[in-house]
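Below: one structure, written as structure tokens.
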Amino acid sequence: MSHPPQNLTWQKATDDETAEEYLEVAFGDDGNVYLRGNKEPDNIVTTTRTKWDAFVLGVKAGEFDHFVGL
């Protein structure tokens with residue numbers, strides 16, 4: 001298991017200041033995108049920038065709307 005770079009800048013994936021649980025995203029200089037939940041910050045998921053960009057485009061296009069409210 002590889003470890004993420006130490007110099008990552010984590011960004012909250014919400015603008016809700018009252019949110020108790022949220023995702024954080026960081027973009028590495030290595031071309032990877034790192035995701036973690038604030039409740040378990042040591043549990044980090046890694047993906048490529050290409051896959052991240054495709055996911056974001058899918059979200060914007062409504063491809064995942066059926067998951068809302070599950």
- Query: Roughly what percent of Cα-Cα pairs across the chain reach past 20 Å?
  - Reply: 37 percent
- Message: Place a point 7 Å from Cα of residue 59 in the direction of its Cβ. Which residues in segment 5-23 have their backbone N less than 13 Å from it?
- Response: 11-16, 22-23
- Query: So which aspartates and glutamates can residue 51 reach, going by Cα to Cα under 15 Å and dropping same-chain residues fewer than 8 places off?
  - Reply: 30, 63
- Note on the structure: For segment 11-64, the dipole about the Cα centre with charges only on Cβ (Lys and Arg +1, Asp and Glu -1), to the nearest 20 debye, works out at 280 debye
- Quote to one decimal, in nm, the extra length available between residue 47 and residue 29 on full extension: 0.36 nm per residue of separation minus the C-alpha distance between them. 5.2 nm
- Given only helices, namely DSSP H runs of n ≥ 4 each adding -39500 (n - 2.57), what is the per-residue ellipticity at 222 nm of the chain, to the nearest 500 deg cm²/dmol? -5500 deg cm²/dmol
- Note on the structure: Out of 58, 41, 23 - ranked by how far each Cα lies towards the positive end of the dipole of the chain, with unit charges on the beta-carbon of charged residues - the top one is 58
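Since every read-out is calculated from the coordinates, none of them should be taken as a lab result. Just so you know, these numbers come straight off a predicted model, no measurement behind them. FYI the Cβ positions are ideal-geometry reconstructions off the backbone, even for glycines, and counts take in every protein chain you see.
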